[in-house]
Structures are given as structure tokens and as C-alpha cells.
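Step one of this worksheet: look at the structure below.
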Amino acid sequence: MLQAIRERVTGIVAIFVLGLLAVPFLFFGLESYIRAVPQDAVATVGDDEISSSEFQTSFARFRQQLRQQQGDAYDEIATNQPIVRREHLETMIDQLLLRQHAESLGLAISDAALFRVIGEIEAFQVDGRFDPELYRQLIRGSGRTPRGFERELREDLLVSALPTVLTGSVVVTEAEIDRMIEVQQEQRRLTMLELAYRPFADRVEVSDADIEQYYADNQAAFMTTEQLSLQYVELDARNLTEGLTLSEEELRQRYEAARQRFLTPEARRASHILIERNDQRDDIEAAALAAELRQRLLDGEDFAELAETYSADPGSRAVGGDLGWVEPGQMVSAFEDALYALAAPGDLSEAVETRFGLHLIRLEEIRPPQGMSFEEAREEILAEHVERESEGLFIELSDRLVDLVFADDSTLDPVAAELGLEIRSTGRFSRRGGSGIAANPRVIEAAFSDTVLVDGLVSDPIELDRNRLVVVKLERHYPAEPRPLAEVSDTIRERIVRERATAHARQRADELAAAMGDSGESLEQLAEEAELEPVHIEALGRFDFDQGLDFVNAIFRLPPPAGQPTVHVLPKQDGYAVVRLEAIIPGNPAEAEEIERMIARQQILFGRADEEFSGLLAFLRENTRIRVVEERL
């Protein structure tokens, strides 16, 4: 679409547009304009920037995580709103600020610590040990490279180290722990009369006029869901394969020209012992240990035993240093060069230096290259040809489709006629989506856009998948409208009965509470007269939710009784209760077990650390220049 616009913006129009673009440069200069708005930055944070591609990649992962967590409840449209995108950008800005601050403090994550964390991730393990090949496959399957994943993980670990640094400066006193236990373990003694709404339901009469009035006053609560249906034309490279074939001679020629492609490379099974350089062992000591272990191996000591004792690789150490099969390109170059320089199984390398440390490598087994015959490779060669040719045809037709929509975006007829495509229709669907193409988030977003829904125009091409796109047009709009009264009258009747019965329960509760205050009648006397059963609770704790979370919270918000019990009317889930609050029993720190004191200490510690963390972020934001380019979100 943009290419088509570029091809058409010529002549007077082009001169006018360029004239408008020149105005800022006349006043401010080209250099200052570029400095103010970095070319590909969604935001700048101090001297660093968050690029558009970084933001889009991060936001896509965020939405994928929400999709997995929420399942059917996930709302694609709501999640892609500008406010959500901005909130995610603010989170990225916070992370960048914290990373900058951690680096300014001199914090760093060592290679050993990084790979220790990676080795402990269960997704990268087979039979309880780290599997390098599985690690590479999963990372590449997620659209990332191992190097990129390791960089992101290192940055995350660096940021996560900050709370530990902050927590180290927090001091929690024993008096604070005592006070925390007193509050947390506080209990309240009370007696109450429960007045559920159901016994009052028989007093409620609901007329047809009441239902009609409720319906009129609350019509928004009884609306149908807005829906629409679409017409669409789909262009799919998989449907453009007719007549795309090769003769046997052409297939054989291509096989001969690319014979090396059909050979699997030589693979070598290797074991290694990794000698790590760290705070306890410098370069000289590491080299000396590597030389000693190599000589012991040459003298006949067991490789597996030495690996289990000395190797710093947690993934292979438990299995005697075995790394499994290694193919070219899977290991760092120094390691791989040394492995492939070994002549025969059983050969042992000199100490090989990589960024992880020093390696002693033993060649265990060689698997020679294996090739595919012409007959085995024939279908693959033909499939590649068909895919390549259909993709070229798809690109050609998609360019033409863009031109046709640009020329007339009021109808799909020219597109269907010239490209030989069928105009099809979706079923009705809402903003939550439907079936077929209507399940695609991009289609849903386009369908409810102003272009399609309000203006009734053909959408821009929507990419459903690789080499597959659609353009859509509104077929019919089904706006939200009130559901028929007859359909919702029973629901309305139930609501009115509950509301009025609950009001009766509240009125009766107020009367009983007033009687206790005015006449001095005891709660027990009133209960007998009202034929109610008093409920006595000797010790209600903050986390005793049998009576309902809201009720317990309301009880603990009541002020302590000053000498005499106090009477209150509090809501319950199914009505109201007249409550006589009799006493408050504070928690006793002297009776707290050590585990309880430890938990209280951690709660205070985390609370303080959270305050420090929030304060740090506020300070960093206040003292760092942050610029956001809203239109690039």
C-alpha cells in the first residue's frame, strides 16, 4: 500500500508535500531535528534508546504470555489498545533505568553465573541434565538466537540483583516484629444476629410496571453484543501451485548442482572437563589444574570420575562430562576447532580456552556424513521449486491487489475479478472474534476499525500468515441493542426481589440495633423475641474467612470498644448482620514461634525494600531525561 502511494505522489502533490516537510528544517536545522527524534526510537532514556523493533518484539511476547495465562478470557482487541501499549513501554523504561543504575554501581553477571542459571532451567534439560542441543532448538524455535537470549537473560538478572542490594541496607528491629505479630494475630470477640434477605422475599411484590420501569432505567445491562459479518478476498500462495512442476531431467540437474545440501555433516560425540576461572582460581592456577588433569588422564585415570569431581559444567558433570553429538556450528569456534582436530576416538586435546574457561576435550565417537539419494531428495527439490515459484507469484499478485484496492476501496469486485479470487463471507462475530479468518486478531481489529465499520471501505491487506493475506469489507453490522423485555423479565424480577428483600433485611437490622441502644435490651433478648439464633464468635482472626472476606475486613475496620461493647450493622454476602463487638484480643509476640517471627521479619523487609525500590525508580525518572515518541507505539 505504501509503495503504491509513493508511486502516485508525483508532480505538484510531491512538491507541496516536500515543501511542508522543509518548514521544520528552515527554522531548526536538520541536525537538531534528527537529534530531537531518533530515527527508530520509540523512547530515549538518557543516552540509551528503545527501538521500535525492540518495543514491538517485547510487546508481542507480553501479549503471548497473557494469551497463555487467560485462555478463552483473553481479549485481543483490549490488549492492543494504546493505553496498554503505553503501559508496557513504561515498564520497559523502568527496566532500562534500573539496568543503567545497576551498571553505574558496578554490578555485573559473570558468564559462570549466567550459564549456571541456564543449566538449571528445566525446559532445557533431558533426564535432569542440561542438553545443549535442546537449548539451541528451543531458543531458535522462539525466534531468537542463543546469543540474544543470553544477553536478555543477563540484563534481567542484573536488574533482579538490585532488590538484593537494597534489601541489604534495610534493618528490621525486634520491636517492629513484635508490633507486626500483635497486628497480624489480633482477634476480635463478637456476637451477631444474621438477617439473610431470603426470609423477606415473601414480603416483596413485583408488578409488571416495576419490571418495565427497571428495564427502562437499566437498559444498558440488558444489551445484545455488537456483531458484524464481513466479505473478504483471500490470497494464499498455497493455492497458486497449479502447473508448477519440473521434468525429471530438471530435477536431476538441480540435485547434482546442490548435492552437498543433501549431505548431513560429520558429527562427533565428545566429553569435556571445564576448568573455570573465578575468585578462588586465577588464570595461572586454572592452567596448572588443566595441565595436571590432562596428565592424569594420559596416565590412565577415569575421565568420568575426574569430570564429576573437577568440571564446572553443571549440565555434563553429572554424566561424566558427556556432551552428546556435536555438529559444526553448535559450539564456540575454539572448542569446535579443537574437537575436529582430534584424529580418532579416545584422543585428548590440549587445554582449550573459551569465554567459559579451559576445556579438556576427548573425542568419543565419529559419525561420518550421510547423504540422500536422488530418489530420496526428489520430492524435497520439487517442493522447494513449487514453494519458490508460488511465492514469487504471490508477491506479484499481492502487489496488484494493493494497486486495485488503492484505485477503488469501495468494493471487492475488481480484486476478485482480475485476480480470479472468490468473494467469501464470514459468519457473525463480536469483538471477541469468531471462526475462520474472524479468529485472527488482525482481522478483528480491522473489522471494527473506522475504515471498515464506519466508512464501509475495503481494509488494507491483512497478513494472516506467511504468504497469505486477506482484504475485508463490511457485509452487515449488527449494533448492540436492548434485548426484548420478555427475554429478560425473569432476570429482572429476581433482581428486584433481591434488592427489596435486602432492603427489608437492612431495615430490620437497623431496628434491632436501635432497640439495643434505646431500651438497653440485650442481643440475646432481641434474638429470642425475633426468633433468631445468636452467633457467638470467641476469636475471629484476620484470615478467618468463613464469614466472608468483606465481612471480616469490615469487622477489623471497626474501632475498639471503649469499655462497653459497641453495636454495628454490617453487610454480609446474603443480607446484613447486627454485630456486638465485645473485645479486641491483640496478638502475643511472646507466644509466636520462630518461623512466625521469621515470616514477619521478611514481610517488613520486603515492604521496606519495595518502598526503597519505588523511591529509587522515582529518583531515576526524575533525574534522567526520558522522551517518548507516541506516534511510533
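The values are calculated or read from the model by the stated rules, or taken from the named source; none is laboratory data. Predicted, not measured: the structure shown is a model, and the values here were computed from it. When we count neighbours, we look across all protein chains shown, and the Cβ atoms used for this are built from the backbone with ideal geometry, even at glycine.
The set of residues in the range 266-282 being of a type outside the set (Lys, Arg) and either touching a strand residue (DSSP E or B) at 6+ places or on another chain (Cβ under 9 Å) or assigned to a strand (DSSP E or B) (or both) consists of 266, 267, 270, 271, 272, 273, 274, 275, 276, 278. Only one of the listed residues (264, 241) is among the β-branched types (Val, Ile, Thr), closer than 30 Å to residue 311 by Cβ and either modelled with pLDDT under 85 or surrounded by fewer than 12 Cβ atoms within 10 Å (Cβ to Cβ) (or both). That residue is 264. Taking (1) out of contact with any His (no Cβ under 8 Å at 6 or more places or on another chain); (2) small (Gly, Ala, Ser); (3) closer than 13 Å to residue 271 by Cα; (4) assigned to a helix (DSSP H, G or I) in turn, residue 286 satisfies each apart from (3).
Yes or no, residue by residue, for (1) touching a strand residue (DSSP E or B) at 6+ places or on another chain (Cβ under 7 Å); (2) surrounded by 19 or more Cβ atoms within 10 Å (Cβ to Cβ); (3) under 14 Å from residue 268 (Cα atoms):
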{"site": "315", "(1), (2), (3)": "yes, yes, no"}
{"site": "343", "(1), (2), (3)": "no, no, yes"}
{"site": "348", "(1), (2), (3)": "yes, no, yes"}
{"site": "361", "(1), (2), (3)": "yes, yes, yes"}
{"site": "367", "(1), (2), (3)": "yes, no, yes"}
{"site": "375", "(1), (2), (3)": "no, no, no"}
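Note on the range 87-205: enclosed helices (runs of 4 or more DSSP H) holding 2 or more residues that are of a type in the set (Asp, Glu) and farther than 30 Å from residue 51 by Cα are 174-184.
Applying the condition of being outside any loop (DSSP other than H, G, I, E, B) and either touching a Ser or Thr at 6+ places or on another chain (Cβ under 9 Å) or β-branched (Val, Ile, Thr) (or both) to the range 541-566 and asking which residue is nearest to residue 583 (Cα to Cα) yields 566.
Residues that are without any contact (Cβ under 8 Å) to a residue 24 or more places away in the chain and not assigned by TED's automatic domain parsing to the domain that holds residue 276: which helices (runs of 4 or more DSSP H) entirely in the range 295-374 hold 3 or more of them? If you could, list the steps in order and put the result at the bottom.
Details: elements: 303-310, 314-317, 333-341.
It comes to none.
Residue pairs whose Cβ atoms lie under 7 Å apart, separated by 6 or more positions or on different chains, with the first residue in the range 587-605 and under 10 Å from residue 181 (Cα atoms) and the second surrounded by 12 or more Cβ atoms within 10 Å (Cβ to Cβ) and among the acidic types (Asp, Glu), are 587/182; 587/186; 589/178; 589/182.
Selection of the range 317-341 for residues being in contact with a Pro (Cβ under 9 Å, 6 or more places away or on another chain) and loosely packed, with under 12 Cβ neighbours inside 10 Å yields only 329.
When you scan the range 540-558, how many residues do you find that are of a type in the set (Val, Ile, Thr) and in contact (Cβ under 8 Å) with a residue 60 or more places away in the chain?
Step one: list which residues in the range 540-558 are of a type in the set (Val, Ile, Thr), which gives 552, 555.
Restricting the remaining residues to those that are in contact (Cβ under 8 Å) with a residue 60 or more places away in the chain gives 555.
Residues meeting the conditions: 1.
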